Amino acid sequence: MEILNSISQKFADKVEVVEGLDYHTFMVEKDNLLDIVSDLKAVFGFNFMIDITAVEYDEYIQAVYHFMNLDEKLIIRIKVNLEKDKPVIPSLVNIYKGADLQERESFDLMGVKYEGHPNLKRVLCPDEFEGHPLRKDFSMRDRGLK
């Protein structure tokens, strides 16, 4: 818990702490993401990125990250709200190499663009595929499928 208090204090003007039942969650603006995640790894020991995903809500798309400090067995969640019609966020590939495939998957299925990603291309759908199949506005009927 000391680490969480230190994180909250260091980034008091850059994060909103959301109390939850499972993980400690920090709401972050996308412009602050790289600085915060860099410090989480270098200063606070969150040396393992568990996953990256995206969730579509009515008004926005939310990028969701889980990180773990393996020594302390502590997991935190970071959430970033993105514009629904232009979901763009900085890539974490230069901080966590494991972000590579997960960012590509999120791009492929949800349309989130990760700025600075060295190879942001589809990973599950064919290159010529149009649209992002996990978005709510994606329709299989438009593709002749029922």
Quiz item: Given the options PHE67, PHE44, PHE129, which has the most mean-square fluctuation in a GNM of the chain, springs set between C-alpha atoms less than 10 angstrom apart?
Solution: PHE129
Quiz item: How much mean residue ellipticity at 222 nm does the chain get from its helices, if each DSSP H run of length 4 or more adds -39500 (n - 2.57) and you divide by all residues, to the nearest 500 deg cm²/dmol?
Solution: -6500 deg cm²/dmol
Quiz item: Which whole-number percentage describes the relative contact order of the chain, with Cα contacts under 8 Å and a sequence gap of 6 or more?
Solution: 17 percent
Self-check item: Hydrodynamic radius by Kirkwood, which averages 1/r over all alpha carbon pairs of the chain, in angstrom
Solution: 16.2 Å
Quiz prompt | Listed residues PHE26, PHE107, PHE11, most fluctuating in the chain (Gaussian network, C-alpha, under 10 Å) | solution = PHE11
Quiz item: Based on the alpha-carbon gyration tensor of the range 1-85 and its eigenvalue square roots a ≥ b ≥ c, which shape applies: rounded if a/c is under 1.5, prolate if not and a/b is larger than b/c, or oblate?
Solution: prolate
Quiz item: Out of LYS113, LYS121, LYS97, any idea which swings most in a Gaussian network model of the chain, alpha carbons joined below 10 Å?
Solution: LYS97
Quiz item: Dipole magnitude of the range 67-117 about its Cα centre, charges +1 at Lys/Arg Cβ and -1 at Asp/Glu Cβ only, in debye to the nearest 20?
Solution: 120 debye
Practice problem: Over the range 1-85, calculate the relative contact order: mean separation of alpha carbon pairs under 8 Å at least 6 apart, over the residue count, as a percent. | Solution: 26 percent
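Read-outs: derived from the displayed coordinates by stated rules, not from any lab. Since this is a predicted model, take the numbers as computed values, not measurements. All Cβ positions, even for glycine, are placed from backbone atoms using ideal geometry, and neighbour counts span all protein chains on display.
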